[in-house]
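Please treat every number below as a calculation from the coordinates, not as lab data. Since this is a predicted model, take the numbers as computed values, not measurements. Cβ: placed from backbone, ideal geometry, glycine included. Neighbour counts: every protein chain shown.
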Amino acid sequence: MEQNGRIAILLTPTVLFLTGLFLIPLLFMALFSFREGSFGEAQNTFTLRHYAEFFANDAYLRLLWRSVALSFLVSVLTVLFAYPVAYYLSFFAGDKKYVLLTIIIVPAWVSYLLRVLSWKVILGGSGALASFLSWLGLAQEGGSLLLFSPEAVVVTLLYVWVPFVALPIFAGLERIDPDLLEAAYDLGCNRLKTFWRITLPLSLPGVLAGFLFVFIPTVGEYVTPALVGGPDGIMFGNIVRDQFLRALNWPLGAMMSLAMLVVVLVPLYILSRFVRLSELAGL
């Protein structure tokens with residue numbers, strides 16, 4: 001009984017945090033999606049018009065699934081880039097691994113907006129990339145190959161998220177018992193076979209955690225597409241933002257936000273069928 005009381009006390013801050021900052025706002029957003037309008041008497045009128053408008057509009061649905069596909073691509077590429085970094089730090093960096101890890105995550109301390117704007121300069125017509133390609137004769141001087149395109153969004157998000165994804169993968173690799181690797185070598189496995197049969201499977205919780213760490217926020221990304229994506233690189237988050245701030249159609253914006261939430265929860269549910277969420281959290 002006393003132990004249950006201690007557990008309840010420990011869980012109380014977490015429950016209050018989730019209730020106050022997640023569940024209650026989510027409930028208000030869900031209720032708002034059934035309102036006719038944002039102001040006046042329209043706030044008190046129940047309607048399903050916004051749901052019908054969303055599912056009847058092919059442009060909304062195409063943009064949603066394009067955003068999901070782009071977020072999936074960014075997540076996969078980020079894991080592919082971050083895994084070798086984390087692997088090197090865990091197995092080859094020795095005593096310097098934590099110093100190097102700190103150096104890798106230092107850019108994350110800089111403002112997100114400044115980091116995105118720096119890539120707008122790099123990818124622009126007078127940026128470093130365009131100048132280098134022009135010097136090689138692969139592009140016209142002053143031209144821009146990537147800026148204001150979906151590719152620019154992918155490259156920028158990749159740069160932003162690689163340091164964050166390296167952390168859970170590094171933590172997963174650090175949890176692997178070195179004796180298992182030594183036993184594999186003693187049994188005749190080379191480094192490659194040991195990696196495929198032991199290291200990679202045991203580090204999958206960190207890999208999946210890193211994947212979700214990128215996929216969940218990038219589905220609703222709107223800052224990066226607005227700055228470097230251009231008309232061809234906008235994502236679903238840009239439309240949601242416009243509904244709230246420009247069109248002032250808060251019910252439709254709330255409904256679109258719920259659609260993004262469902263899209264995010266589906267992969268979480270699927271992964272929970274194969275991997276315990278405690279393993280993804282490193283517990």
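Using alpha-carbon pairs under 8 Å, 6+ residues apart, how would you state the relative contact order of segment 58-280 in percent?
Relative contact order of segment 58-280: 26 percent.
Once the piece of chain linking E36 and L61 is laid out straight, how much longer is it, given 0.36 nm per residue of separation minus the C-alpha distance between them?
Extra length available between E36 and L61 comes to 6.9 nm.
Could you compute the net charge surrounding R66? Neighbours are other residues with a C-beta less than 13 Å from the C-beta of R66; K and R count +1, D and E count -1.
Counting the neighbours of R66, the net charge comes to -2.
Ranked highest first by average number of other Cβ atoms within 10 Å, how do 251-262, 185-196 line up?
Ranked from most to least packed, the peptides come out as 251-262, 185-196.
Dividing the Cα radius of gyration by the Kirkwood radius, what Rg/Rh value follows for the chain?
For the chain, the value is 1.05.
At 222 nm, what value in deg cm²/dmol follows for the chain if DSSP H runs of at least 4 each add -39500 (n - 2.57) and the sum is divided by all its residues, to the nearest 500?
Value at 222 nm, helices only: -22000 deg cm²/dmol.
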